[in-house]
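A.B. asks: Let me give you the structure first, and then I'll get to my questions.
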Amino acid sequence: MHKFDVKPFLEAAEILVAADETERALALLDNLPALQRYNPPQKISNLKKEIMSKITIANDLLGDKREIPKTDEWAKKFLNGTMRGVVLKGIVSDYNLDIKAPYIFDVGPGDFCFALGLQAEKLTFTYSCSTLNKDAEAMVKDRLGSRYWDSSHKIQIFPSIFVAYEIIEHLHNPNEIRQIFDREFMVLPERVLLSTPRFTFAEGTPNWRTDGIHHLRAYTPSEFFVEAGKLFPEYVFTYIDNEVMVLSGKLKE
């Protein structure tokens, strides 16, 4: 009988999860020789179960206190201190110079630092978002006041910006981004902004058993560019290199 050593598979899977390559780790644990696929070793089954149990699910975000809006000072610092914030601020500023107030639709806004940062910079815009944390959304809606625009209005405002920052690496199916996009916009917006960590972010997640697993995959610049083209073929993207990569899309003429 063919001799099978489970140890290299377990070790490699651990390395992949720690590097935020969760999907690849699970695929590796499924990619065993035929006999072990038919009758998986208990250690393989246990590790798969443990990984699956630590992956963030939608319910985890409903009351996530990390998404509670922080101070205007923090939001302004984050806006100006991150490449994705600088790119968004530059586009909004350019619209304002043309006496235009863009509508921003933000997917998975976290603690709403960009909307609050733009407001702190006294820029003119309207805003809505797709978030699971309704308590946090209620707080930011109160702070933004008239800038917050109920997206259920079904009346499109021009110009419009679709923002999906730091979301694609969390989704089991990246096509969900396009689904949200198509639900929100009756007419294609002028701009699409995307971001994701370049390779494994920082030190990855070596303590995933205690900290949980938030990223399902990591992207190379070329992989991210290709994925954006699949999701939004109507746009021409410019790549901005950073530890958190940004793709700035303009609607094709």
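The values are calculated or read from the model by the stated rules, or taken from the named source; none is laboratory data. These numbers come from a predicted model, not from an experiment. Here the Cβ positions follow ideal geometry from the backbone for every residue, glycine too, while neighbour counts run over all protein chains shown.
A.B. asks: Within the group 123, 144, which residue is crowded, with 20+ Cβ neighbours inside 10 Å and either more than 25 Å from residue 57 (Cβ to Cβ) or touching a Cys at 6+ places or on another chain (Cβ under 7 Å) (or both)?
C.D. replies: Within the list 123, 144, the selection yields 144.
A.B. asks: Within segment 165-253, considering only strands (runs of 3 or more DSSP E) that don't extend past its boundaries, which have at least 3 residues that are surrounded by 12 or more Cβ atoms within 10 Å (Cβ to Cβ) and over 12 Å from the mean Cα position of the chain (by Cα)?
C.D. replies: Once the strands (runs of 3 or more DSSP E) in segment 165-253 are filtered for at least 3 residues that are surrounded by 12 or more Cβ atoms within 10 Å (Cβ to Cβ) and over 12 Å from the mean Cα position of the chain (by Cα), what remains is 235-240, 244-251.
A.B. asks: When both residues are 6+ apart or on different chains and their Cβ atoms are under 6 Å apart, which pairs have a first residue that lies in segment 57-84 and is assigned by TED's automatic domain parsing to the domain that holds residue 116 and surrounded by 12 or more Cβ atoms within 10 Å (Cβ to Cβ), and a second that is among the hydroxyl-bearing types (Ser, Thr, Tyr) and modelled with pLDDT of 95 or more?
C.D. replies: Between residues of segment 57-84 that are assigned by TED's automatic domain parsing to the domain that holds residue 116 and surrounded by 12 or more Cβ atoms within 10 Å (Cβ to Cβ) and residues that are among the hydroxyl-bearing types (Ser, Thr, Tyr) and modelled with pLDDT of 95 or more, the close pairs are 84/165; 84/195.
A.B. asks: Hey, another quick one. Would you check if residue 93 is surrounded by 13 or more Cβ atoms within 10 Å (Cβ to Cβ) and part of a helix (DSSP H, G or I)?
C.D. replies: yes
A.B. asks: Being of a type in the set (Gly, Ala, Ser) and over 18 Å from the mean Cα position of the chain (by Cα) is true for just one of 19, 12, 58. Which residue is that?
C.D. replies: 12
A.B. asks: Also, quick follow-up: Would it be correct to say that residue 47 is among the aliphatic types (A, V, I, L, M), touching a residue at least 12 places away in the same chain (Cβ under 8 Å) and in a helix (DSSP H, G or I)?
C.D. replies: yes
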